[in-house]
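Just so it is clear, none of the values below were taken in a lab; they were calculated from the coordinates. Because the structure is a prediction, the values reported are computed rather than measured. Positions of Cβ are generated from backbone atoms using ideal geometry, with glycine treated the same way; all protein chains shown enter the neighbour counts.
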Amino acid sequence: MTLANPGMRYGGFFSYSKYDVLKQLPEKYVPKSAFFTVAPTSKEVKKEMNRLGLEYPVILKPDEGERGSGVEKIKNDQELDEYLLANSPNIILQEFIDAPNEFGVMYVKYPSQEKGKITSIVFKGELYVIGDGNSDLVTLFKTHPRAQLYIDFLKEFYKDQLNMVIKKDEIFMLSKMGNHCRGAIFNDANYLIDKLDVSLFDSISESIEGFYFGRYDLKVKDENALINGDFKVMELNGVNSEPAHIYDPDNSLMRAYKDLFRHWWRIYKISKENKEQGYTETPFPTLVQSLMNK
C-alpha cells in the first residue's frame, strides 16, 4: 500500500504533510497558503495574512489530519484566538475559496503507462436546514434527518445561535467544509468522468514526485468550471483516498463494495509495479509504531 505513492510518506496512508504536497502543484491551482511549524500567535497569523493579501474569512487546518478533523473557517480575531488555543503546531493557513461547489476527483496512473485515468467523481453537497418561522435553530437540528446525526458538533459550533428563530423558507447553511463527518452529503458524479480532460490531471500530477494514486479535492464555481479546469485544489489525498461516490445515499451496498474492491486492486497493481522498479515498502512494524505514536 505504501508503494502506491513512493513520493509521499507512507504512500499518503497517514502522517503525511498536506502542505508538502500542495506546494509541489502548479501555483494557479492552489489557494494562497502559509505553513507554521511552530504554534503561531494570532499576531503571526495575521502578519502572514497581510503578506499573502488575505482577509477574513480564512481556513486553518492541521498539516496532518483525517476526514476534515481540525479544519475550520475563521471569520474574525476571536475565532482565530480560540482556534490557536485548541490546536498544536504544524498548522496551515489557507485562502478561503468562495466557490460554492466542491468535488472529489479520484486519479489513478499505473507507472508502466504514460496516461492516467479518472475513476471516481463525487459532488459534496452541503448540509443546511430550512426555517419555518417558529422553530429555533436547535429544534431544526433535532428534526432534520441528517443534522440530528451531528447534533453534538452542531450545538457546540452554533452555541451562540441556538435560540435563533429562522425565518420561514430561509435556508441556513450548516456545512461549508465538504466533510462527510460534518454532515456533507456525498453524491455520485461519475457522469462527469468522460467530460473531464484527463491530460490536465496528468500534467498536474506529474509535478508531484512519485505520485500515482489519490483524490483531488477541488472547489469550483460549477460543473462547467470543473470541466474547463477552472478550479482550486484544496487538498490532494494519497492512498488513504476513497472513491467517495460510494457514499451517495442512493448507492447500493453491493455496488459500493464492488467499487471498493476495484479501488483496492488498483492500489495493489500500482504498488506491485513500483516494487518491480526497485522501490521498497515501509516495514509493517514501522507503520504500527507510527500509528501508536500519533
Worksheet entry | Gyration tensor (alpha-carbon) shape descriptor, the chain, a/c threshold 1.5 | prolate
Worksheet item: Given labels modelled 7 Å from the Cα in the Cβ direction, how far is it in nm from PHE153 to LYS23?
Response: 2.9 nm
Worksheet entry | Pairwise centroid distance, computed over Cα atoms, of segment 198-217 with segment 14-50, Å | 20 Å
Worksheet, complete the sentence: Rounded to a whole number, the Stokes-Einstein D of segment 2-130 in µm²/s (Kirkwood radius over Cα pairs; 37 °C; 0.692 mPa s) is 197 µm²/s
Item to complete: Calculate how steeply helix 42-52 sits against the longest principal axis of the alpha-carbon atoms of the chain, using the helix alpha-carbon long axis, and give the answer as 0 to 90 degrees to the nearest 10.
Response: 60 degrees
Discussion item. Could you work out the relative contact order of segment 2-83? I mean the mean sequence separation of Cα pairs under 8 Å and 6+ apart, divided by the number of residues, in percent.
Written reply: 24 percent
Worksheet item: Is segment 54-150 rounded, prolate or oblate when judged by the Cα gyration tensor, a ≥ b ≥ c being the square roots of its eigenvalues, rounded requiring a/c under 1.5 and prolate requiring a/b larger than b/c?
Response: oblate
Practice prompt. Pick out, from TRP264, LEU218, PHE186, the residue whose Cα sits farthest towards the positive end of the charge dipole of the chain, with +1 on the Cβ of Lys and Arg and -1 on the Cβ of Asp and Glu.
Written response: TRP264
Response to the item:
Here the residues of segment 122-142 lying in the modelled label zone of PHE172, meaning backbone nitrogen under 13 Å from a point 7 Å along Cα-to-Cβ, are 128-142
Worksheet, complete the sentence: With Cα coordinates, the longest principal axis of the chain makes an angle with the long axis of helix 77-86, in degrees rounded to 10, of 50 degrees
Item to complete: Subtracting the Cα-Cα distance from 0.36 nm times the residue separation, let me have the gained length for LYS269 to SER135 in nm, one decimal.
Response: 42.9 nm
Worksheet item: Between exposed GluC sites (Glu not before Pro) in the chain, where DSSP calls loop and at most 14 other Cβ atoms lie within 10 Å, what's the longest gap?
Response: 210-294
Item to complete: Mind pulling the angle between the C-alpha long axis of helix 284-293 and the longest principal axis of the chain? Nearest 10 degrees, somewhere in 0 to 90.
Response: 20 degrees
Practice prompt. At 0.36 nm per residue, minus the direct Cα-Cα distance, what do THR41 and ILE193 gain on full extension? Give it in nm, one decimal, please.
Written response: 50.4 nm
Worksheet item: Treating the beta-carbon of each Lys and Arg as +1 and of each Asp and Glu as -1, no other charges, what is the dipole magnitude of the chain about its Cα centre, to the nearest 20 debye?
Response: 460 debye
Discussion item. As a quick test, which of the pairs LYS167/LYS219; LYS23/LYS115; LYS23/LYS269 have an alpha carbon distance above 25 angstrom in this structure?
Written reply: LYS167/LYS219; LYS23/LYS269
Discussion item. Tell me which trypsin sites (Lys or Arg not before Pro) from segment 39-110 have a DSSP coil assignment and no more than 15 other beta carbons within 10 Å of their own.
Written reply: ARG67, LYS75
